[in-house]
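Colleague: Questions regarding the structure given below will be posed in turn.
The values are calculated or read from the model by the stated rules, or taken from the named source; none is laboratory data. For clarity, every value in this text was computed on a predicted model and none was experimentally measured. Virtual Cβ from ideal backbone geometry, glycine too; neighbours counted across all protein chains shown. In case anyone asks, the SASA skips ligands and DNA or RNA and just uses the protein heavy atoms, side chains included. Shrake-Rupley method; radii C 1.70, N 1.55, O 1.52, S 1.80 Å.
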Amino acid sequence: MEIWYGAEQVPESLRAARGAASAGSVVTVGVFDGVHRGHQRILARVVERARALGPDCLAVAVTFDPHPLTVHRPGIDLAMIASLPDRLGALAATGLDAALVIPYTLAFADQSPEGFVRDWLEGLLGARAIVVGGDVRFGRDNSGDADSLRAIGAADGVEVEIVPELLAPSGRRWSSTWARECLAGGDVRQAAEILGRPHRVRGAVVHGLRRGRELGFPTANLDAATAGVVPPDGVYAGWLVRSGAPGAGAEGERLPAAISIGTNPTFDDVPARTIEAHVLGRADLDLYGEEVAVDFVSHLRPMLAFDGLDPLLAQMRQDVVDTAEVLGVPVPEPVRPEDVTA
């Protein structure tokens, strides 16, 4: 998938394709926070329609960075469910040909709905069809909606398709709001069901107190304050993903991990909330300074304070066993502290 950061990176050929019989694009528009199952249905329809229009017609998603809400309400504390790189990766996985990332500013927001559609979608991207959900909003004060989009399309000869909302088996609409609710409650399994994949946070591995390596449980530590939407304190089963590892494929190197979130109440000396991922059975991983991702599969237990080192070590070993069982990987032998090299 091509990624265009701003209008200047869009190929001139798309503008020239406006009105061509087999070129141009099928376009959708949205923030796509989390790229959940509802988004995926719309994106699949974009790809389907583009393919039907011919090999030269591109399937394109238009998205925004930063989130519009943070521009209109700068004091709001809104972490994205997925970072921009992970959002773009999830968009690419749907089969899109390209994504246009528009830098969202107040000046950009202050354009009419007609101006946005005609300048950006029709003029810049050569849109032959526009596919969106029923809750679409665009233009000044979000005054553009599905009905006005249909009217603009009818006037300009551009097909507009409004995709019906997709409901979960429970009858609830798949949504970013629902995913956030699940993550806020620690229900990472339900969040994964909404997203169609495990929830992911991302960050650079930082130095901690190095206590884990002394106990035989070395960890890769991420700053929870900058990692995105972080589940509540507790222990989780999941994966540590290294995108830059030697020989790693497009999905990166996926390593089974027991993940602890919190401030370590047993020792009460961790100044900030951290995400600590212990890769099962590994004592040789030197990840300091590397950007990694952590995928959450299942909540194992709440964060607890233990009365002494022995019960803590016993529980940590049980966390490793439980994690291996959840992920379907072999239970590793315990790591000896003297074998830890990183």
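Colleague: Within the stretch 145-162, track down each residue that is open to solvent by less than 30 Å² (accessible area, probe 1.4 Å) and touching a Lys or Arg at 6+ places or on another chain (Cβ under 7 Å).
Modeller: Result: Val158, single match.
Colleague: Please work out which one of (1) outside any strand (DSSP E or B); (2) out of contact with any helix residue (DSSP H, G or I) (no Cβ under 6 Å at 6 or more places or on another chain); (3) surrounded by fewer than 20 Cβ atoms within 10 Å (Cβ to Cβ); (4) among the hydrophobic types (A, V, I, L, M, F, W, C) is the condition Val101 fails and give its number.
Modeller: With (1) outside any strand (DSSP E or B); (2) out of contact with any helix residue (DSSP H, G or I) (no Cβ under 6 Å at 6 or more places or on another chain); (3) surrounded by fewer than 20 Cβ atoms within 10 Å (Cβ to Cβ); (4) among the hydrophobic types (A, V, I, L, M, F, W, C) applied to Val101, the lone miss is (1).
Colleague: Taking Leu106 and the conditions (1) on the phi > 0 side of the Ramachandran plot; (2) open to solvent by 40 Å² or more (accessible area, probe 1.4 Å); (3) touching a residue at least 24 places away in the same chain (Cβ under 8 Å); (4) of a type outside the set (Lys, Arg), which numbered condition does it fall short on, given that it satisfies the others?
Modeller: (1)
Colleague: Would you confirm, using the coordinates I've provided, whether Ile81 is open to solvent by less than 30 Å² (accessible area, probe 1.4 Å), touching a residue at least 60 places away in the same chain (Cβ under 8 Å) and over 17 Å from the mean Cα position of the chain (by Cα)?
Modeller: Against the criterion (open to solvent by less than 30 Å² (accessible area, probe 1.4 Å), touching a residue at least 60 places away in the same chain (Cβ under 8 Å) and over 17 Å from the mean Cα position of the chain (by Cα)), Ile81 does not qualify.
Colleague: Pairs under 6 Å by beta carbon, first residue touching a residue at least 24 places away in the same chain (Cβ under 8 Å) in the stretch 25-49, partner open to solvent by 30 Å² or more (accessible area, probe 1.4 Å) and among the hydrophobic types (A, V, I, L, M, F, W, C), six or more apart or different chains?
Modeller: That search, which allows pairs on different chains as well, returns Ser25/Leu58; Asp33/Met80; Gly38/Leu166; Arg41/Leu166.
Colleague: With respect to Phe116, is the statement that it is of a type in the set (A, V, I, L, M, F, W, C), closer than 24 Å to Trp4 by Cα and in a strand (DSSP E or B) true?
Modeller: Against the criterion (of a type in the set (A, V, I, L, M, F, W, C), closer than 24 Å to Trp4 by Cα and in a strand (DSSP E or B)), Phe116 does not qualify.
Colleague: From the residues in the stretch 21-32 that are at pLDDT 95 or above and in a loop (DSSP other than H, G, I, E, B), which one is surrounded by the most Cβ atoms within 10 Å (Cβ to Cβ)?
Modeller: Phe32
Conditions tested, residue by residue: (1) part of a loop (DSSP other than H, G, I, E, B); (2) under 30 Å from Gly196 (Cα atoms); (3) open to solvent by 30 Å² or more (accessible area, probe 1.4 Å); (4) among the β-branched types (Val, Ile, Thr).
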{"residue": "Ala272", "(1), (2), (3), (4)": "yes, no, yes, no"}
{"residue": "Asp286", "(1), (2), (3), (4)": "yes, no, yes, no"}
{"residue": "Leu300", "(1), (2), (3), (4)": "no, yes, yes, no"}
{"residue": "Glu338", "(1), (2), (3), (4)": "no, no, yes, no"}
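Colleague: Could you say whether any residue in the stretch 60-69 is part of a loop (DSSP other than H, G, I, E, B), surrounded by fewer than 16 Cβ atoms within 10 Å (Cβ to Cβ) and without any contact (Cβ under 8 Å) to a residue 12 or more places away in the chain?
Modeller: Within the stretch 60-69, not a single residue is part of a loop (DSSP other than H, G, I, E, B), surrounded by fewer than 16 Cβ atoms within 10 Å (Cβ to Cβ) and without any contact (Cβ under 8 Å) to a residue 12 or more places away in the chain.
Colleague: With respect to the numbered conditions (1) without any contact (Cβ under 8 Å) to a residue 12 or more places away in the chain; (2) part of a loop (DSSP other than H, G, I, E, B); (3) surrounded by 14 or more Cβ atoms within 10 Å (Cβ to Cβ), which one is the sole condition not fulfilled by Gly186?
Modeller: Only one criterion in (1) without any contact (Cβ under 8 Å) to a residue 12 or more places away in the chain; (2) part of a loop (DSSP other than H, G, I, E, B); (3) surrounded by 14 or more Cβ atoms within 10 Å (Cβ to Cβ) is unmet by Gly186, namely (1).
Colleague: How many residues are in a loop (DSSP other than H, G, I, E, B) and either open to solvent by 70 Å² or more (accessible area, probe 1.4 Å) or within 30 Å of Cys182 (Cα to Cα) (or both) if we restrict to the stretch 302-336?
Modeller: 13
Colleague: Here is a follow-up. Filter the stretch 47-59 down to the residues that are in a helix (DSSP H, G or I) and open to solvent by less than 50 Å² (accessible area, probe 1.4 Å) and list them by number.
Modeller: Scanning the stretch 47-59 gives Val47, Arg49, Ala50.
Colleague: Right, here's the next one. Based on what the data block shows, is Thr105 polar (S, T, N, Q), modelled with pLDDT of 95 or more and in contact with a Leu (Cβ under 8 Å, 6 or more places away or on another chain)?
Modeller: Taking the combined requirement at face value, the residue does not satisfy it.
Colleague: Now for a separate question. Take the residues in the stretch 237-266 that are open to solvent by 70 Å² or more (accessible area, probe 1.4 Å) and assigned to a loop (DSSP other than H, G, I, E, B); name whichever of them is modelled with the highest pLDDT.
Modeller: Ser243
Colleague: Could we say that Glu122 is outside any strand (DSSP E or B), in contact (Cβ under 8 Å) with a residue 12 or more places away in the chain and crowded, with 20+ Cβ neighbours inside 10 Å here?
Modeller: Judged against the criteria, Glu122 is a match.
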